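The values are calculated or read from the model by the stated rules, or taken from the named source; none is laboratory data. Given the structure is predicted, the values throughout are model-derived calculations rather than measurements. Note that each Cβ is placed from the backbone with ideal geometry, even for glycine, and that neighbours are counted across all protein chains shown.
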Amino acid sequence: MLNFSASNLFSANDLRRRLATIFEDEEPRSAATRLFDRALALLIIVNVSCVILESVESIRRRFGVEFDLIEQAATAFFAVEYLLRVWACVDLREKRYRDALWGRLRYVRSFFALVDLVAVLPAVIGFFGAADLRVLRLLRLLRMLKLVRHSTTFGLLFAVLREERQSVSALLFVLLLTVTISGSLMFMIENEAQPEVFVSIPVAMWWAVETLTTVGYGDIVPMTIAGRIIGGCISIIGIGTLALFSGLITVGFLEQLKNYREQHAKPQILVSEQTIAIVQGLAAAEAKDLTGGAGAPSMQDICSHCGGMLSLAGARHDLHNVQPR
């Protein structure tokens, strides 16, 4: 009986470790992990497409039953996946998840675990009798966030934001300060001329956001000369600030992309020029011995790549595609 229990425990631990290998987000990824990621991405795309098509009345009336079946299958799959991820998180590479209780609690509070929870949340809300079905459809569309976990591009972007968080925070503070000051000034200037438009500082701050981002919806427009001057200055500041922000993100992204390529580059065998010269000399000496110095070897005896004897071709073929140091 003890042996049977120990065997079951070993099997459960082994299964959990295998699941942790599949669920592992860090590189390198195994073939099983890539297959699982592709299947999960396909299910998410199909499910979200059904949610979008379901909003068309004629399509919903015709394929309503099929949409419900796909939704139920997707919800069941996401629920099982979420529970398995919570169960197997103790075997992930992150050491903070190793504890059986507190590790799982930390994992549940992590970003991607919350995303996985959002994937099954519509079914939970519907089970408890949610009245507004539009809210459920909106939450179901949030399942696309699960694709972020398996995207290298988003991983690089998150790495850029982590590395440049101080610079990004400084730029965001400058933008917030500019919006606040310009909105307050515009309210002071335009309130008397347009009391029905610039009714408050928050409304004037909305105008500042439109101007800084150069969107210009046209719903709020300054009429006084001083207001237009301030608006022009704010537009120029917005162009410069956003250009600086995009340049900062671009440089950081290129650096992270370079680091990613260096980390995942295939190793190359480096052979010194001296080694190549020695092998070529040995090939020439062997050719001379075989021909007795009287004539050149036949074409059948010569390697078509390196020009050496076929007896040494196996040793030299490894040098064709390597780079000298």
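Of the numbered conditions (1) exposed (fewer than 15 other Cβ atoms within 10 Å of the Cβ); (2) modelled with pLDDT under 85, Leu156 satisfies every one except a single condition; which is it?
Every listed condition holds for Leu156 apart from (1).
Could you tell me which numbered condition Val80 fails, if it satisfies all but one of (1) at pLDDT 85 or above; (2) more than 14 Å from Arg143 (Cβ to Cβ); (3) surrounded by 15 or more Cβ atoms within 10 Å (Cβ to Cβ)?
Checking Val80 against (1) at pLDDT 85 or above; (2) more than 14 Å from Arg143 (Cβ to Cβ); (3) surrounded by 15 or more Cβ atoms within 10 Å (Cβ to Cβ), the one that fails is (3).
If the requirement is being more than 37 Å from the chain's Cα centre (by Cα) and part of a helix (DSSP H, G or I), which of these qualifies: Ile220, Ile189, Ile181?
Of the residues listed, the single one that is more than 37 Å from the chain's Cα centre (by Cα) and part of a helix (DSSP H, G or I) is Ile189.
Which of the following residues is at pLDDT 90 or above, surrounded by 13 or more Cβ atoms within 10 Å (Cβ to Cβ) and in the same structural domain as Phe253 (by TED's automatic domain parsing): Val168, Val179, Val174?
Val179
On the basis of being assigned to a loop (DSSP other than H, G, I, E, B) and under 30 Å from Gln166 (Cβ atoms), does Val215 make the cut? Can you show your working first?
On the way: assigned to a loop (DSSP other than H, G, I, E, B): yes; under 30 Å from Gln166 (Cβ atoms): yes.
Taking the combined requirement at face value, the residue satisfies it.
Cβ-Cβ under 8 Å, sequence separation 6+ or interchain: first residue in region 83-110 and in a loop (DSSP other than H, G, I, E, B), partner surrounded by fewer than 12 Cβ atoms within 10 Å (Cβ to Cβ). Which pairs?
Arg93/Glu26
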